[in-house]
């Protein structure tokens, strides 16, 4: 009987994927892709920089120009030449490659909201340490929403026992985290 359990554990262990080594993203810059950025794309860049700063204590610059050095997260809308994986609204595709001794992570969204949800995916999958952020190298990844409406109801009424005492900053953070996890509507 022990031999059977040992074989089962060895078989399960053989099928599990290896954990990818993280890519360190020190000296990180966030670049927005086009000059005609939408509000959602600008919001994605600002949100990504703010949330990284909150978690690691280091400010990440956001610009529309490509920096001379450092690792880059490029946020942009799809140009139409991308794979069919991002052919629906709010979908995104994230890839990573090396360029001139730096890591470039590209977040391409079908639209501005796709870019926003791609930035949320990165925030959920970064490994944070004081002063640095890293990303596992199991990219590329793509995501297309199953449902056109993914939301949450915020019923502010007399039966609430928590958020009626929140500050405006706490309430804004709550709504931001809904977006990070893919919500596109708030009732």
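Coordinate-derived values only; no laboratory data. What you see is a predicted model; the values in this text were computed from it and never measured. Positions of Cβ are generated from backbone atoms using ideal geometry, with glycine treated the same way; all protein chains shown enter the neighbour counts.
Could you run the Debye sum over the Cα atoms of the stretch 18-145, one equal point scatterer each and no solvent, and tell me log10 of I(q)/I(0) at q = 0.17, 0.22 Å⁻¹, two decimals? The Cα Debye sum returns log10 ratios of -0.83, -1.39.
Just want the ordering: 174, 110, 121, from fewest to most Cβ atoms lying within 10 Å of their own Cβ. If you can, show how the numbers build up before the last one.
On the way: 174 14, 110 22, 121 18.
So the residues, fewest neighbours to most, are 174, 121, 110.
Extension gain for residue 173-residue 53 works out to 41.8 nm (0.36 nm per residue, less the C-alpha to C-alpha distance). The modelled label-to-label distance between residue 183 and residue 63, using points 7 Å beyond Cα along the C-beta direction, is 3.6 nm. Exposure proxy ranking for 77, 42, 124, based on other Cβ atoms within 10 angstrom of each Cβ and starting from the fewest, stands as 124, 42, 77.
Contact order, relative form, for the stretch 18-145: 32 percent (alpha carbon pairs under 8 Å, 6 or more residues apart, mean separation divided by residue count). If the segment from residue 147 to residue 127 were pulled out straight at 0.36 nm per residue, it would be longer than the present Cα-Cα gap by 4.3 nm.
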